[in-house]
Amino acid sequence: MAILLATAVDVSLVGAEMYKLTEADGTTHFTNAPTDPRYRRMGFTSGTAAGWLRLPAAAQGDGAPYVKEITEAAQRYGVPVKLVSAVIRAESGFNPRAVSRKGAQGLMQLMPTTASILGVRNSFDPGENIDGGVRHLRGLIDRFPQSLPLAIAAYNAGEKAVTQYGGIPPYPETQDYVTKVLKFYGSPEGGTTPPTRIYQTVGPDGTVTYTNIPPRGRP
């Protein structure tokens, strides 16, 4: 599916309503100045709020506003608070209104079908989204109890993909996602500077391994 963005740099338009148009061939247009009656309001005032225009990591929010929801859900399902924060940071940059190109929504980027299965009625509600996302993550951790990286990969690519490949799927997006979450998880408060380095090695058979023990010959 092609994504075309129609944007303006005039600061006077920062608060303008955003509109979306999807063509018959799947091409999607976004604009704040619709010229076609087929455009539909998105309910957001910027692409950043809508989720298809993401802020750089340094400019994204933090988890401070959601400490209560994160802590309660983490304790409820027995998942480390820092891991929940790491997943949210990697998924949405703590943007509760984030929407991915595939349709995943909210802080923990729940797909509508997954949200429905989890009983999440409003994925843009931080409390509901975090509760559902952490419950889903808990299930994946139980499914892959011997490997946190596999559980993280399953959160991104799906349990079936991990099972199919017998490890982290060979998708660049998923491999980058696992590395990112592990780094966030290993750093103070889920930040971006880990106290210990995480190494990735790829075996002759394509198996990807993550460890804090440096491979022989590397510092």
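Of note:
- Subset of the range 111-164 (residues that are hydroxyl-bearing (Ser, Thr, Tyr) and either part of a helix (DSSP H, G or I) or open to solvent by 50 Å² or more (accessible area, probe 1.4 Å) (or both)): Thr113, Thr114, Ser116, Tyr155, Thr163
- Some residue of the range 84-103 being in a helix (DSSP H, G or I) and touching a Lys or Arg at 6+ places or on another chain (Cβ under 7 Å): yes
- Yes/no for Leu83 being touching a residue at least 60 places away in the same chain (Cβ under 8 Å) and within 18 Å of Ile70 (Cβ to Cβ): yes
- Output for the range 96-108, where each listed residue is under 10 Å from the mean Cα position of the chain (by Cα) and open to solvent by 20 Å² or more (accessible area, probe 1.4 Å): Val99, Ser100, Gln105
- Residue in the range 187-197 that is in a loop (DSSP other than H, G, I, E, B), modelled with pLDDT under 90, over 23 Å from Lys82 (Cα atoms) and polar (S, T, N, Q) present: no
The values are calculated or read from the model by the stated rules, or taken from the named source; none is laboratory data. All figures in this text were calculated on a predicted structure; none of them were measured in a lab. Backbone-built Cβ (ideal geometry, glycine too); neighbour counts: all protein chains shown. The area values use the complete protein model at the heavy-atom level, side chains included, leaving out ligands, DNA and RNA. Shrake-Rupley method; radii C 1.70, N 1.55, O 1.52, S 1.80 Å.
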